[in-house]
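The values are calculated or read from the model by the stated rules, or taken from the named source; none is laboratory data. Predicted model, so just to flag it, every value in this text is computed and none were measured. Note that each Cβ is placed from the backbone with ideal geometry, even for glycine, and that neighbours are counted across all protein chains shown.
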Amino acid sequence: MKLLLAADGSKFTKKALAFLATHENLAGPEDELVVLHVQAAVPPRVKTMLGAGIVNDYHRDEAQKVLDPIARFLKRHNVNFKTSWVVGSPSQEVLRAAQREKAHMIVMGTHGHGLISRALMGSVAQRVVADSDIPVLLVK
């Protein structure tokens, strides 16, 4: 089975990882896990002021802060995985990646880092569940 894990670095991402690590029937040796980190775009005005190179470096550094610990965790648990990151709308990019990767299931935490996401079930999770053509596993 091929799974897409939407990772934002929150405690809910960590809980989703722990869930996958303890359920080998989901992320076992024959399965593949695609870990995706999505970042919101820097406002165009900021990008113009700083320059595209600096903004790209910023996005890469922020992605590494999220993805590197996940990669170390997955290696320790012998999970077959690959990581990637994109800039865009989180729910749209998660759905695009699931389609592009031909994932069988999307795994994500119920909440993320955003203020609104903490108050309610994450708005990103709600949109992914509503718009996904494949099963979505939400981990609380």
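So the values come out like this:
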quantity: Which listed residue, of THR48, THR83, is surrounded by 15 or more Cβ atoms within 10 Å (Cβ to Cβ) and either touching a Pro at 6+ places or on another chain (Cβ under 7 Å) or of a type in the set (S, T, N, Q) (or both); calculated: THR83
quantity: Evaluation of LEU74 against (1) under 25 Å from ARG127 (Cα atoms); (2) surrounded by 13 or more Cβ atoms within 10 Å (Cβ to Cβ); (3) in contact with a helix residue (DSSP H, G or I) (Cβ under 8 Å, 6 or more places away or on another chain) (one fails), failing number; calculated: (1)
quantity: Residues that are at pLDDT 95 or above and under 17 Å from ALA103 (Cβ atoms), drawn from segment 29-80; calculated: LEU33, VAL34, VAL35, LEU36, HIS37, VAL38, ILE70
quantity: Any hit, segment 34-46, residues being more than 21 Å from MET108 (Cα to Cα) and either in contact with a helix residue (DSSP H, G or I) (Cβ under 9 Å, 6 or more places away or on another chain) or polar (S, T, N, Q) (or both); calculated: yes
quantity: Matching option when the condition is free of Cβ contacts under 8 Å to residues at least 24 places away in the same chain and either in a loop (DSSP other than H, G, I, E, B) or small (Gly, Ala, Ser) (or both), among GLY53, GLY9; calculated: GLY53
quantity: Of all residues making up segment 83-112, the number that are part of a helix (DSSP H, G or I) and not hydroxyl-bearing (Ser, Thr, Tyr); calculated: 11
